[in-house]
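Colleague: Can you keep this structure in mind? I'll have questions shortly.
The values are calculated or read from the model by the stated rules, or taken from the named source; none is laboratory data. This one's a predicted model, so the numbers in the text were calculated from it and none came from an experiment. In this analysis, Cβ positions are derived from the backbone assuming ideal geometry, glycine residues included, and neighbour counts consider all displayed protein chains. We work out accessible area using only protein heavy atoms, side chains counted, and drop any ligands, DNA or RNA first. Shrake-Rupley method; radii C 1.70, N 1.55, O 1.52, S 1.80 Å.
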Amino acid sequence: MNQREYLADLAYVHSGEWPRIADAIRKKQQPYHCMKHENYITIADEEYPDCLRQLRFPPWVLFYKGDISLLKQPMITIVGSRDLCAYGKQMSEMAASILQEKYVIVSGLARGADAVVAHTAMACGGKTIAVIGSGLGTHYPYENEYLYEQIAENGLILSEYPYPTGVRKHHFPWRNRILAGLGESLIVTQAKENSGTMITVNEALNLSKDVYCIPYPMDDVHGGGCNRLIEEGAGMVDSRQQLIDLLEHN
């Protein structure tokens, strides 16, 4: 068994759980061979993106459906709330429609901002990568089923969890480190105070990546997290032209 097969088998045996795989590697456990239902790359492969090697916990294996070559193109991550307000939806659409001209748009395929930016990028003729928190055999949330199929056909879906793995709550914040790692920069279109989006922001900052936020009116609870990040030093994007400038300066 070569290293590539070894890592993939460990991922199947341990349901993609990073700490359990790391412990198995340390103990030199020999897993049984598992039948794979999807394509995959491992940290031992040349196709594995260098940007993810910079993570504190780089995924051992990335299972995928779609065009793996997109990982070699410039990428930018756009995140926001699952419960988008009208302004947040408008800003998500604007960011994706402009930035798709240069970048592959990376998102998480959740409802809200993730779905909006992925749909917008593809509608404008761009490409998108979705990083999900379950195996490729689980299409979650169900309302994004059609979008899932579109991305699988025209973009790329990634997961560190093997095909049969279902939805588990702790996978989603863990997944966010991959979102932060893939994008050259991070755009936040809507975030409340103490939003789960802040996990992705912190990961991006730990990687010394630029974070840009859409500002919100004073006392608007939908964007309190964005305003706080701007106050703490994140870049402010308050016009279409500033998004266009990102295409030229990044």
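Colleague: Give the aspartates and glutamates whose C-alpha is closer than 12 Å to that of K127, dropping any in the same chain fewer than 8 places away, or say none.
Modeller: Candidates past the 8-residue exclusion: D67, E101, E153.
Colleague: Give me the extension gain from V221 to F57: residue separation times 0.36 nm, minus the current Cα-Cα distance, reported in nm with one decimal.
Modeller: Numbers: separation 164, 0.36 × 164 = 59.04 nm, distance 3.28 nm.
Extra length available between V221 and F57 comes to 55.8 nm.
Colleague: In debye, nearest 20, what is the charge dipole magnitude of the chain about its Cα centre with +1 on Lys and Arg Cβ and -1 on Asp and Glu Cβ, if you could check? Please report the intermediate quantities before stating the final value.
Modeller: Values: 23 positive and 30 negative charges, 161 e Å.
So the magnitude is around 780 debye.
Colleague: If you don't mind, there's one more thing I want to ask. Sort D45, D9 from largest to smallest accessible area, using a 1.4 Å probe on the heavy atoms of the protein chains. Before the final figure, lay out the partial values.
Modeller: Values: D45 20, D9 0 Å².
Putting D45, D9 in descending order of accessible area: D45, D9.
Colleague: Probe radius 1.4 Å, ligands and nucleic acids left out: which of R26, R20 has the largest accessible area, and how do the rest follow?
Modeller: R26, R20
Colleague: Can I ask one more? Using just the Cα positions, wrap the chain in a convex hull and report its mean projected area in square nanometres, one decimal place. Could the numbers behind the result be given before it?
Modeller: Numbers: hull surface 50.9 nm².
Averaging across all directions leaves 12.7 nm² for the Cα convex hull.
Colleague: Let me ask something additional. Beyond 19 Å, what percent of the Cα pairs of the stretch 1-111 remain?
Modeller: Numbers: 3464 of 6105 pairs.
Looking at the stretch 1-111, the distances longer than 19 Å represent 57 percent of pairs.
Colleague: When the label point is put 7 Å from the Cα of H170 along its Cα-to-beta-carbon vector, which residues of the stretch 180-217 have a backbone N closer than 19 Å?
Modeller: Backbone N within reach: 196, 199-200.
Colleague: Within the stretch 1-57, list the GluC sites (Glu not before Pro) lying in a DSSP loop whose Cβ has at most 15 other Cβ atoms in a 10 Å radius. All intermediate terms of the calculation are to be shown ahead of the outcome.
Modeller: Details: sites: E5, E17, E38, E46, E47; in loops: E17, E38, E46, E47.
Answer in residue order: E38, E46, E47.
Colleague: Give me the net charge for the shell around R228: Cβ to Cβ below 14 angstrom, other residues only, Lys and Arg +1, Asp and Glu -1. It would help to have the intermediate numbers written out before the result.
Modeller: Numbers: positive: K192; negative: E193, D219, D220, E231, E232.
Combined, the nearby Lys, Arg, Asp and Glu give -4.
Colleague: Over all distinct Cα pairs, what is the inverse of the mean 1/r for the stretch 41-84, reported as the Kirkwood hydrodynamic radius in Å? Let's see the in-between values first.
Modeller: Values: mean 1/r = 0.0815 Å⁻¹.
The answer is 12.3 Å.
Colleague: Cut-off 10 angstrom, C-alpha nodes, Gaussian network model of the chain. Which of G196, G133, G155 fluctuates the most?
Modeller: Of the options given, G196 has the highest mean-square fluctuation.
Colleague: Please name whichever of A152, G133, V106 sits farthest to the positive end of the charge dipole of the stretch 86-192, dipole taken about the Cα centre and charges placed at Cβ: Lys and Arg +1, Asp and Glu -1.
Modeller: G133
Colleague: Rg and Dmax in Å for the stretch 136-241, alpha carbons only: what are they?
Modeller: When restricted to Cα atoms, the stretch 136-241 yields Rg and Dmax of 15.7, 45 Å.
Colleague: Report for the stretch 1-137 the percent antiparallel among DSSP-assigned beta bridges with both residues inside it, nearest 5. It would help to have the intermediate numbers written out before the result.
Modeller: Details: 4 of 10 bridges.
For the stretch 1-137, the DSSP antiparallel bridge percentage is about 40.
Colleague: For V116, what is the net charge nearby, where nearby means another residue's Cβ is under 15 Å from its Cβ and Lys, Arg count +1, Asp, Glu -1?
Modeller: So the environment of V116 carries a net charge of -1.
Colleague: Roll a 1.4 angstrom probe over the protein heavy atoms and tell me the percent of accessible area of the stretch 121-235 that is carbon or sulfur. Could you put the intermediate results ahead of the total?
Modeller: Working: 2470 of 4930 Å².
Roughly 50 percent of what the probe reaches on the stretch 121-235 is carbon or sulfur.
Colleague: Of the GluC sites (Glu not before Pro) in the stretch 118-218, which ones lie in a loop per DSSP and count no more than 13 other C-beta atoms within 10 Å? Kindly include the intermediate steps, with their values, before the conclusion.
Modeller: On the way: sites: E143, E145, E149, E153, E160, E184, E193, E203; in loops: E160, E184, E193.
Here the GluC sites (Glu not before Pro) that fit, given the DSSP loop and packing criteria, are E193.
Colleague: Rolling a 1.4 Å sphere over the protein heavy atoms, what is the accessible area per residue of the stretch 1-133, to the nearest Å²? Numbers along the way, then the final one.
Modeller: Working: 5910 Å² over 133 residues.
For the stretch 1-133, the per-residue accessible area is 44 Å².
Colleague: In whole Hz, what ³J(HN,Hα) sequence does the stretch 54-70 give by Karplus (6.51, -1.76, 1.60; θ = phi - 60°), x for Gly and Pro?
Modeller: Once θ is set to phi - 60°, the couplings for the stretch 54-70 become 7, 5, 5, 10, x, x, 5, 9, 10, 7, 8, 9, x, 8, 5, 5, 4 Hz.
Colleague: Now, a different point. Calculate log10 I(q)/I(0) of the stretch 83-151 for q = 0.18 Å⁻¹, where I(q) comes from the Debye formula with a single equal point scatterer on each Cα and nothing for solvent.
Modeller: Computed log10 I(q)/I(0) values: -0.61.
Colleague: Largest first and in whole Å, what are the equivalent-ellipsoid semi-axes of the stretch 65-120 based on the Cα gyration tensor, each being the root of 5 times an eigenvalue?
Modeller: Details: eigenvalues 86, 31, 11 Å².
They are 21, 12, 7 Å, listed largest first.
Colleague: Could you give me the ³J(HN,Hα) list for the stretch 139-152, computed from phi with Karplus coefficients 6.51, -1.76, 1.60 and θ = phi - 60°, whole Hz, x at Gly and Pro?
Modeller: 9, 9, x, 4, 5, 9, 4, 5, 5, 4, 5, 4, 5, 4
Colleague: Based on the Kirkwood radius over alpha-carbon pairs, what is the Stokes-Einstein translational diffusion coefficient of the stretch 55-199 at 20 °C with 1.002 mPa s viscosity, in µm²/s? Show your work: numbers first, answer last.
Modeller: Working: Rh = 14.8 Å.
Answer from the Stokes-Einstein relation: 145 µm²/s.
Colleague: Based on DSSP, what percent of beta bridges with both residues in the chain are antiparallel, to the nearest 5? If you can, show how the numbers build up before the last one.
Modeller: Numbers: 8 of 26 bridges.
Just about 30 percent of them are antiparallel.
Colleague: Same structure, new question: What does the net charge come to around G66 if you take all other residues with beta carbon closer than 14 Å to its beta carbon, with K and R at +1 and D and E at -1? Working shown, then result.
Modeller: Details: positive: K65, K72, K127; negative: E38, E47, D67, E149, E153.
Value of the local net charge: -2.
Colleague: Same structure again: Using modelled backbone amide H atoms (1.01 Å from N, in-plane), which distant-in-sequence or interchain residues come within less than 5 Å of D210's amide H?
Modeller: L186
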